Structures are given as C-alpha cells and as structure tokens.
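Worksheet: one structure, shown below.
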Amino acid sequence: MRRKFFFLILLLGPFIGASAFTPTSDGIYAVFNVTLRQTGGQFATKEFAARLHYQEVPITVANFVGLAEGTYDWYDFQEQGLRSNTPFYDGTEVHRIIENRIIQAGSPDGTLSGGPGWTIPDEIVPELKHEGGGVLSMANSSSQGTNLNSGGSQFFITMIPFPGQEGQLAGLDGTHAVFGEIVEGLNVAQEIGRVPLFGSRPHPEWPVTIESVKIIRQGANAQAFVPTDYWQPPTFRRGDLETRFTVEDHDDNPDTARVPVLEWTFFRDRDNHYYIEDSNDLETWRLAHDFQRAVTRQDLPIRRDIRTDIAFDDRHFYRMLELVYPPLPEPPLQGTNGTNLTLQFNEYDVDPDTVSFLPESLSFTLLSNHQGYWELKRSDNDAMRPIGEIDSYQWWNLAGKHQVTLYLNGFTGLQAYLTPTSANSGNAYVHYLSARPEGVNIMGTYTLSSENEGRTRLDQDGLGLIFEIVDTDLQGDPVTTTFEIDFWDQLRNQEPDDEILYEGGWKVTSSNSDYVDIGRLLLEFDIISGIHLQLDQPLPASGSADAYFRSGAQFETVNYTTGTGSGRPAILDKNLTKLTLNIDLEGEDSGKIVIDFWDNSQGSYESTRTDQEDAITGTVLNYEWFESDDETWIELTYDGSLLDMLVFLTETSPETGRAKVQIFDSRAVFDATYTIGEGAPRPES
C-alpha cells in the first residue's frame, strides 16, 4: 500500500508544484497542498488557501512563515540534526482531529509535543476570535495550566460547528492566537475533518499529508514582511553536561531495594531551553528530558542538580542541546521599588444573584527578580484590598504592544495584553487562566508607574494575636469563631540562599462546636489559610480590623487583641511509649485504642469496641507528638483501618488524664481517658 501511495505522489508531482490559488487582494497567503485518500481508495492532492493576519499578530505569522519557507534553522529530533534552508511543514501529517471542531497539524513526529525546538510568546488580539469555520490558530499546551507561551509549530483549523454547537469554539479565545483564515478551499479542510479516525488521529489507512505550504506575498506591505524582523528564533549549541550515576538508599530501610539515580549537573540560564538526549550507540539519540525556559528566583546563571530514576541497560550516553534565546525583557520603569502595573476593568453585566462583587482593579508590583506582589480592589469593599505574592512573571515586548504573563499565589494567574495609547497607559485585554464569575476574557485599561508603596516583611516572633468573628447559624443564634495566632521564628531547615520565611501556629474554635482546628502556618503575605487582616500601626493591644477570607471571598469586621504568644511547640520522639485511649462512644458503647510509638514517627495500634467482636490491628503510618507550655496534642495517621485523628491530652497525674479525640473526616469529637506507659519496640522484620 505504501509503495502505491508514493507512486501516485510521484505521478502527481508536477501538479503539486503549481498553485491554482490567485490572490484577489493584498496580503500574505499560505497555500496548503494536501494529499488524502478518497472513498474509492485512491489518493488525491488538493489545496486550500488562508490569508495570514501579519499586521495584527506579526510574531505568530513570522514564526509560521519562517518555518514554512525554511528561513529559520530548526532542530530535527527524529534525525538528530539541525536543518537549514529546509521547509518545516513539507511532508508532515495531520495528526489530530476533533470531529466537527478542529483539525491539527504541524508536528514533524506526529505527536502533540512535536515542534521545531523553540516556543514563541502568545499573541492574542481580542478582535480575532474562533468564530465559525476556517480559522487558523496556534496550538499550545496551555490546557496544562502553567504552560503559557508554549506554541511552536503546531496549528489547528476550526470547522463550522453543527447547529446548536456554535459556542463550543469560544473557549479557545484568549488562549490560542488566531493568525489566519481560509479564503479558498474550506471544503477541503472539512473533508480532512471527516476522514475515518483511530482515536483522535486519522486512521493509518487514511493518512492526510501536507505536501507543501507555499507562501504568497501580494502588495508592497506584504512584500516588505521579513520574518526575522519580528521573531528571531534561538540559536542551537551543545551545552556542557556533567553526568553521574549512583545507587542510593532513599528510605533508610535495608530491606527495600536501593534506587538507581542519574544526576545531571549544568548551568541553567533562566532564559534558555534545554534538551537532554540519550543513546546506546552514539548514533541513534532519543529525547530523554526537556527543561523549558523558566523564570527562577535566583540570579543567572544557576547550578542545578537534576535527579531522576532511570531504567538502565548495559550502557547509556548523554548529551545536551541548549537553545539560546535573547534575554527576557525587564518591565519598563524598572527602579528601586520595581514597576507598578495597574489594570482597571470595564464594567460588565453579571447576574447579581450569583456574582456578589466585581474586580475594579488589580495592581502588580513587578520586581527585578521576576517576582513581586499583587493587590486587588473590589467593588464590595473600598477600604481593604487583598494582597498576595507573584510567584513569577514574564514580560514580552510584542509588535506595538506588551504582554505580561503572571503566575499568582492566592489568585488565578493571567495574561495581560497592553496596547499603549500614551507613554505609560493604554488599553488592556486580560485572559484569566481559571474561570472567574465575571468571565475569562476581560477588557479594561492599564497604567504604568515607578511609584508604589513597597512592602516590608516584619519578624513578629513572640507575638500572640487573637481575633473573633460573630455570625449567626441557621437558627439565627449568634456563633463566635475565635482565631488564635502565635508567631514563631524563622522556618527551619531553610537552604542558605532561600528567602527568609517565618512560621507560626494557629487554633480555631467555635462556640457551637467542640471541634478544634489546629496547625502551623507559613508566613508570607498571608496570615492564616488565606485570611488577610488590615491592622493599625503601630500595633495596639486591641482594636477592630477589616479581614478578608480568601476561601469564601468574603470581607468581615473582626475584634482583635495582641499579647505574648506561645512559642514553637516541641515535636517529640516517643519511641517505646504506649498510649491507651478509653473512648466514650454514643450510648453505653465504649472503645479502646492502644498505640505503641516507635522511632521515625511510626507505630502500631490495636482497636477494640464493645459493639464489635473482633479487634482491629494495624500500623501508625505517621505521628507527631507536640508539647507546648500548656498543651499536649498528637496527630495520628493510620493505615486506613482507622480514621486519622487528633488527640488532646489534659494531664491529671504524670501518667493519666482526660483526652479529647477528634476525627478529621467527620469532625466528630469524643471524650476519653488516657494512660501512658512503656511501649513495645518496633518488631524485627
């Protein structure tokens, strides 16, 4: 079958070279010659033509045209070599079809990850939408959440939706860059979308091959369009890679197998892209790992140890391919306090029964280490503005506009496209990475300035903070929830180069429940579990404050007091200790849990109940035994036969006392007594 296919292609070779398409207006056009099987079994070559939006999205079009014409050098991962003056798309296949929605092509190896080696920035224009059929748009891996600016060579073409399915393509807006539309031969693209499928691919007996992509420039402006004026792809070079193979014991258990570990060490520039290939014979290489360009907290360059478990055979050789990009731009107006970017959002019509507020503005302080913080102004509270950290951001200078991609702690990430109308202001188009009540794609304006308040992170070691919220339950009775916060010292086990962070402890109690929430917190911009408090300065002994609860997106007014907090509790190793809990169950039933604590935070247990005949025995997977100035509590994680629990001990004598047992899943609380004695050691394997 394959020989007959190539014979037909050779016969039709002269026909393929000639294009039947003739532009009727100025512009840049891409003419696709495709070969596909017909219902009678024979193969035919057909064409369709698309106008490219080179003025609206010049970087995206430059990348496509440069690949189609062979202007750019690209890396052939199948043949492990650099290709120069070689049209990229010739001979590739349509590798993905979503029936009645899209056909996708542009992968040299026919996989969803195939490409030329590099990625380009997303270039979204709000007026260019995925409406109807025949839209050319860039494929990318943005559906994975954080892989924005991940388009390379793959593209897709939309089909005309069936009646009632018109809105299905709208979800692509804001995520994929539209760069063209079919102006002739849409029926050919639709015919491709109807070939028999094997999963989401054309059936092996019905391949669809792009024989060539011919670029036609019509008119002076189109003739003057040179891809390298708009997008300069990276250069390729072999980087220095140190490889070390070791066999390590990962769990300190002599009875488990040791793990083979491969360690690669190389200097990683945040702006570059790295591929590691391996081979058994120094001739055939395969891609082993892909380290994409990444914004990091450290200065450049940085040294990284990359560890991964590998299935080894007799021999392996490794090499690294480094893609060297121009440095990522810094934001304009970069100064001591960074650049302040403020997005003001237009008003939107929303259902007031489902949307209680709208964001009026988002402000970002962009610092030189590609971090910073954000601040939100909402329509339902003018006094308090929730804040959080920018985990990382990228700033891109596109043709005539800017793009900033922001990954945020405590708020959905976003891409903002900024079109200047003056030196430091203009129109903004914002795409949220996660859907919000007001929508996904938002319009507004932006301003840039070098003035911002700045943030000072204080060490509040030793401070105790208590605040209360009074609410009503379903019966209309007042319910008081009390938050107790203790601020400790620096986070333990930090690396020397890490940013200094602080820890604390928290306890939440409610007047209508015996259940107590207790835990630890990491002090960054947040205080506890996404709660923001706006306290007066200098900090008084008591007062009222505005609070924002991130989980419910609600503002509250709270009363607070300050004082001396409890210090960091000690976490004790209770090896060879036995804890017996006699639990009061409902009615006349009772239960007993006997726990032997071992080293390495493990143990064993036996559980009996008066309403059950058989005892339950098993393993304590992990325990943490805490003791503070006035309290002892134990967090217990079991092997599944018992529910995980939190136990509070109140001593009445050195080895006995009262206990409160809390079940995490159900939040049930039981009274108990306890005794402490000598426990059994860990059994020998």
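Brief remarks follow.
- The residue of the range 422-471 that is nearest to Q554 (Cα to Cα), among those that are of a type in the set (V, I, T) and part of a strand (DSSP E or B), is I469.
- Test for L433: is it farther than 25 Å from V350 by Cα, of a type in the set (A, V, I, L, M, F, W, C), touching a residue at least 40 places away in the same chain (Cβ under 8 Å) and surrounded by 15 or more Cβ atoms within 10 Å (Cβ to Cβ): no
- Of all residues in the range 594-650, those satisfying the criterion of being surrounded by 15 or more Cβ atoms within 10 Å (Cβ to Cβ) and either closer than 16 Å to D584 by Cα or basic (K, R) (or both) are V594, S607, T608, R609, M645, L646, V647, F648, L649.
- Entry remark, the range 380-400: residues being of a type outside the set (G, A, S), part of a strand (DSSP E or B) and touching a residue at least 24 places away in the same chain (Cβ under 8 Å) number 10 in total.
- You will find that of S449, S422, the residue that is without any contact (Cβ under 8 Å) to a residue 12 or more places away in the chain and out of contact with any helix residue (DSSP H, G or I) (no Cβ under 8 Å at 6 or more places or on another chain) is S422 and no other.
- Residue within the range 332-343 that is under 25 Å from the mean Cα position of the chain (by Cα) and either part of a loop (DSSP other than H, G, I, E, B) or modelled with pLDDT under 85 (or both) present: yes
- Extreme residue, surrounded by the fewest Cβ atoms within 10 Å (Cβ to Cβ), among residues of the range 362-392 that are in contact with a Ser or Thr (Cβ under 6 Å, 6 or more places away or on another chain) and among the hydroxyl-bearing types (S, T, Y): S363
- Candidates in the range 72-120 are the residues that are among the basic types (K, R) and touching a Phe, Trp or Tyr at 6+ places or on another chain (Cβ under 8 Å); of these, the one that is farthest from H289 (Cα to Cα) is R96.
- Scanning the range 212-235 for residues that are assigned to a helix (DSSP H, G or I) and among the small types (G, A, S) turns up A220, A222.
- Every listed requirement among (1) of a type outside the set (S, T, Y); (2) at pLDDT 70 or above; (3) out of contact with any Gly (no Cβ under 8 Å at 6 or more places or on another chain) is met by A294 save one, (2).
- Of all residues in the range 651-685, those that are loosely packed, with under 10 Cβ neighbours inside 10 Å and not hydroxyl-bearing (S, T, Y) total 5.
- Residue check, F549 of a type in the set (F, W, Y), within 25 Å of the chain's Cα centre (by Cα) and at pLDDT below 85: no
The values are calculated or read from the model by the stated rules, or taken from the named source; none is laboratory data. Since the structure is predicted, the reported quantities are computational estimates derived from the model, not experimental observations. Glycine also receives a Cβ, built like all others from the backbone with ideal geometry; neighbour counts cover every protein chain displayed.
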